[in-house]
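Q: My questions will all concern the structure given below.
The values are calculated or read from the model by the stated rules, or taken from the named source; none is laboratory data. Only a predicted model underlies this, so the values are computations on that prediction, with no experimental measurement involved. Backbone-built Cβ (ideal geometry, glycine too); neighbour counts: all protein chains shown. In case anyone asks, the SASA skips ligands and DNA or RNA and just uses the protein heavy atoms, side chains included. Shrake-Rupley method; radii C 1.70, N 1.55, O 1.52, S 1.80 Å.
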Amino acid sequence: MFIIESYPLAVFFCFITMLCWGSWANTQKLASSSWRFELFYWDYVIGIVFLGLVFAFTLGNHGTEGRSFIDDLKQAGETNILSAFSGGIIFNAANILLCAAIAIAGMSVAFPVGIGLALVIGVIVNYIDHPLGNKVLLFGGVCLVVIAILLNAFAYRKMQSENKNPSSKGLILSVISGVLMGLFYKYVAASMFPDFTIPEVGKLSPYTAIVFFSGGILASNFLFNTVLMRRPFAGSPVSYKDYFSGGFKNHITGILGGIIWCIGMSFSIIASGKAGPAISYGLGQGATVVAAIWGIYVWKEFKGAKGVKIILSTMLACYIIGLILIIISH
């Protein structure tokens with residue numbers, strides 16, 4: 001299987017993860033004018049499952065290191081399968097709430113608050129399991145991310161008060177999403193053998209873990225998304241008939257969003273073998289900066305709000321400096 005053998009290359013893969021995780025939601029924004037996010041989300045999940053299988057049968061069978069996908073699948077232990085599968089379920093609960101938050105509050109709020117909180121929790125949880133890196137620099141970066149989250153929430157509340165729209169639903173969904181999002185990665189990491197060059201009996205390769213992880217997303221989506229379709233956070237209920245009446249453009253946009261996200265997830269896990277789960281996950285969650293830039297400067301989600309420009313600029317600066325500290329903490 002394909003394995004990263006140098007730390008600089010691992011960091012590069014983490015940057016690709018950051019770009020993918022910070023940009024996939026643009027597909028939801030593009031589809032939102034004619035396609036509810038609950039319907040979009042089915043295609044998004046299909047895209048994740050599709051690319052997970054493609055990577056498993058290609059990169060998972062490439063080279064002589066590690067263990068090939070099929071061989072790995074045959075010897076996989078039930079505990080590790082369940083761990084990766086559970087990670088998919090937890091992620092799906094978090095991500096579907098994130099999509100709801102994006103639909104209500106926009107990318108520039110849902111990502112900095114939700115994914116920022118996930119970064120903080122994820123770095124701490126993964127560091128406890130695998131304590132790699134300088135903890136002063138690592139947690140110094142985490143503290144700056146916390147400050148950035150608070151600044152973003154303050155800017156959003158300020159904009160709402162100016163627009164006389166006091167609803168906190170978008171923020172609340174972002175926070176719940178972030179708490180769950182910060183927990184899923186450890187379950188996927190726990191299912192894999194830590195040194196990708198030395199396979200362990202019963203443990204999974206990163207490619208096999210992604211397949212079972214995506215299986216958890218797909219299986220749980222029949223529960224989570226069906227409930228949201230019938231009892232949405234905003235708007236009227238939608239049905240499966242609405243989904244199948246969607247056009248090619250609607251469906252392909254969602255599938256593309258899932259593919260983009262899964263590239264990021266796959267690269268993050270592949271990079272974790274060299275960078276360590278805490279740094280790989282933490283740096284990948286720099287997607288908050290990418291998504292915030294999309295939301296603020298491209299989608300103009302804070303357009304017309306007074307007095308938030310300096311707050312948002314400071315928020316982005318805190319994120320960037322925090323991420324730099326996380327990178328150099330290795």
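Q: Arranged from highest to lowest average of other beta-carbon atoms within 10 Å per residue, in what order do the peptides 297-310, 209-222, 47-60 appear?
A: On the way: 297-310: 13.4, 209-222: 23.1, 47-60: 20.9.
In decreasing order of mean packing, 297-310, 209-222, 47-60 become 209-222, 47-60, 297-310.
Q: Within the P(r) computed for the stretch 45-91, what percentage of the Cα pairs occupies the region above 11 Å? List each step's numbers first, then the result.
A: On the way: 786 of 1081 pairs.
So the pairs more than 11 Å apart make up 73 percent of the total in the stretch 45-91.
Q: Would you be so kind as to identify which of Ala31, Ile104, Ala275 lies farthest towards the positive end of the dipole of the chain, taking Lys and Arg as +1 and Asp and Glu as -1 on Cβ and the Cα centre as origin?
A: In the chain, that residue is Ile104.
Q: With every protein chain kept in place and ligands, DNA and RNA left out, what is the accessible area per residue of the chain? Probe 1.4 Å, answer in Å². Before the final figure, lay out the partial values.
A: On the way: 13480 Å² over 330 residues.
Computed with neighbouring chains in place, this is 41 Å² per residue.
Q: At 222 nm, what value in deg cm²/dmol follows for the chain if DSSP H runs of at least 4 each add -39500 (n - 2.57) and the sum is divided by all its residues, to the nearest 500? Don't jump to the answer; show the numbers that get you there.
A: Values: 15 runs with 241 residues, N = 330.
That comes out to -24000 deg cm²/dmol.
Q: Here is a follow-up. How big is the C-alpha Rg of the chain next to the rule-of-thumb value 2.2 N^0.38 Å, as a ratio?
A: Details: Rg = 19.2 Å, N = 330, 2.2 N^0.38 = 19.9 Å.
Taking N as the residue count of the chain, the ratio is 0.96.
Q: Turning to a different aspect of this structure: Could you tell me how many cubic angstrom of Cα convex hull volume the stretch 1-153 has per residue? Walk me through the numbers on the way to the answer.
A: Details: hull volume 21.4 nm³, N = 153.
Given the Cα convex hull of the stretch 1-153, per-residue volume reads 140 Å³.
Q: Within the chain, what whole-number % of the accessible surface is contributed by carbon and sulfur, with the 1.4 Å probe and all protein chains included in the calculation?
A: Values: 9480 of 13480 Å².
The nonpolar share, carbon plus sulfur, comes to 70 percent.
Q: For the chain, modelled as a GNM with alpha-carbon contacts under 10 angstrom, which of Met192, Met181, Met229 fluctuates the most?
A: In this elastic network of the chain, the residue with the biggest mean-square fluctuation among Met192, Met181, Met229 is Met229.
Q: Dividing the alpha-carbon Rg of the stretch 154-209 by 2.2 N^0.38 Å yields what?
A: 1.98
Q: Once the stretch 181-237 is represented by equal point scatterers at the alpha-carbon sites, with solvent omitted, what log10 I(q)/I(0) does the Debye formula produce at q = 0.29 Å⁻¹?
A: For the stretch 181-237 at q = 0.29 Å⁻¹, log10 I(q)/I(0) is -1.11.
Q: If amide hydrogens are placed 1.01 Å from N in the peptide plane, which non-local residues have theirs closer than 5 Å to the one on Met192?
A: It is Leu204, by chain and number.
Q: Let me ask you something else. Rounded to the nearest Å, what's the spacing between the alpha carbon centres of the stretch 33-57 and the stretch 144-211? Just the number, please.
A: Computed from Cα coordinates, the inter-centre distance equals 19 Å.
Q: What is the Cα centroid distance between the stretch 75-108 and the stretch 245-310, reported in whole angstrom?
A: 15
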